[in-house]
Amino acid sequence: MSIFYEPNISSDRLYLSEEESKHCIKVLRHEVGNTIEIINGKGAWYEAKIVKAHPKICEFEILQHKQEKDSKHYIHVVVAPTKNTDRMEWFVEKAVELGVDELSFILCQQSERRVFKTERIQRKAISAMKQSLKLRLPKINPLVPFTDFLDNSVSSPMDRFIAYVDQENPKLLFREAIRERNYCVLIGPEGDFSKEELHMAKAQGFVKVSLGKSRLRTETAAMAACHILNLIND
């Protein structure tokens, strides 16, 4: 059964967006009476029947509705975008498949990419959500300077970690993170965080952790952090 994304389902709005309507009717050639699945990206799943098959506005009626229970943990991964955008898109797809609640992008002192648009990232996340049968779309935040992110994170009640590569870092994320908590993990650029940035993060309550013995590329480190936190809460 085909799966479509419609975030604004309500009693007076039972139709797909123009983009999803076009995909449903023109590409997949669904007709009146066909049954489809719809997710709203907020934990709701619907089984629906098409009542108007138009490529600009596909109307439906709801046959079944289920709401996923809220999770007991929250994963927020904060990462400095790589120079190659494809690597960030790959990470976002895998993070959605694994399970992530929020993604933020930061501009660091040693960042190679100074501009990063999230429109395509949003589309990649939606596609990955549908393909992996997830019911929740992560919140995706635009690129901001590292210092701005730290200033805005002060009031956020989360367990805070910063992944940092050095030879004297005995704390491993999978041992430091506690089950069923809210987490925020910082992942630096290809050149890692600067000493100054590490100091600023620690001053804001971030605990320096290791992701293991291997030296990981930025997108691999971000995915590893996401995977570790999901395993802890599995």
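The values are calculated or read from the model by the stated rules, or taken from the named source; none is laboratory data. Note that the coordinates shown come from a computational prediction; the quantities given were computed from them, not determined experimentally. Using ideal geometry, Cβ is built from the backbone for each residue, glycine included, and neighbour counts are taken over all protein chains shown. These accessible areas exclude ligands, DNA and RNA; they are computed on the full protein's heavy atoms, side chains included. Shrake-Rupley method; radii C 1.70, N 1.55, O 1.52, S 1.80 Å.
Select from segment 10-58 the residues that are β-branched (Val, Ile, Thr) and open to solvent by less than 30 Å² (accessible area, probe 1.4 Å) and list them in ascending order.
So in segment 10-58, the residues β-branched (Val, Ile, Thr) come out as 25, 27, 32, 35-36, 38-39, 50-51, 57.
Result: Ile25, Ile36, Ile38, Ile39, Ile50.
Which of the residues spanning segment 79-91 are of a type in the set (Ser, Thr, Tyr) and open to solvent by less than 20 Å² (accessible area, probe 1.4 Å)? Thr82, the sole residue that qualifies.
So is Glu61 open to solvent by 70 Å² or more (accessible area, probe 1.4 Å), modelled with pLDDT under 95 and either within 30 Å of Leu14 (Cα to Cα) or of a type outside the set (Ser, Thr, Tyr) (or both) or not? No, not satisfied.
Contact annotation: residue pairs with Cβ atoms under 6 Å, 6 or more positions apart or on different chains, pairing a residue in segment 92-107 that is open to solvent by 10 Å² or more (accessible area, probe 1.4 Å) with a partner that is assigned to a strand (DSSP E or B), are Val100/Ile75; Val100/Val77; Asp101/Tyr74; Asp101/Ile75; Glu102/His76; Glu102/Lys139; Leu107/Leu143; Leu107/Pro145.
Residues of segment 108-129 that are more than 11 Å from the chain's Cα centre (by Cα) and surrounded by fewer than 16 Cβ atoms within 10 Å (Cβ to Cβ): Gln110, Glu112, Arg114, Val115, Lys117, Glu119, Arg120, Arg123, Ser127.
Could you tell me whether segment 66-78 includes any residue that is open to solvent by 40 Å² or more (accessible area, probe 1.4 Å) and under 30 Å from Gly191 (Cα atoms)? Don't jump to the end; show me each part of the working.
Step one: of segment 66-78, the residues open to solvent by 40 Å² or more (accessible area, probe 1.4 Å) are 66-72, 74.
If we keep only those that are under 30 Å from Gly191 (Cα atoms) as well, we get 74.
Yes, segment 66-78 contains at least one residue that is open to solvent by 40 Å² or more (accessible area, probe 1.4 Å) and under 30 Å from Gly191 (Cα atoms).
Number of residues in segment 145-168 that are open to solvent by 50 Å² or more (accessible area, probe 1.4 Å) and not acidic (Asp, Glu): the value is 8.
For segment 169-204, the set of residues classified as open to solvent by less than 50 Å² (accessible area, probe 1.4 Å), part of a loop (DSSP other than H, G, I, E, B) and either closer than 19 Å to Glu102 by Cα or in contact (Cβ under 8 Å) with a residue 60 or more places away in the chain (or both) consists of Ala177, Gly188, Pro189, Gly191, Asp192, Phe193, Ser194, listed by residue number.
Within segment 124-139, one or more residues are closer than 25 Å to Ser210 by Cα and of a type outside the set (S, T, N, Q).
Results for (1) over 29 Å from Arg123 (Cβ atoms); (2) among the hydrophobic types (A, V, I, L, M, F, W, C); (3) touching a strand residue (DSSP E or B) at 6+ places or on another chain (Cβ under 7 Å), shown as yes or no for each residue.
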position: Arg136; (1), (2), (3): no, no, yes
position: Pro145; (1), (2), (3): no, no, yes
position: Val154; (1), (2), (3): yes, yes, no
position: Tyr164; (1), (2), (3): yes, no, yes
position: Arg179; (1), (2), (3): yes, no, no
position: Met200; (1), (2), (3): yes, yes, no
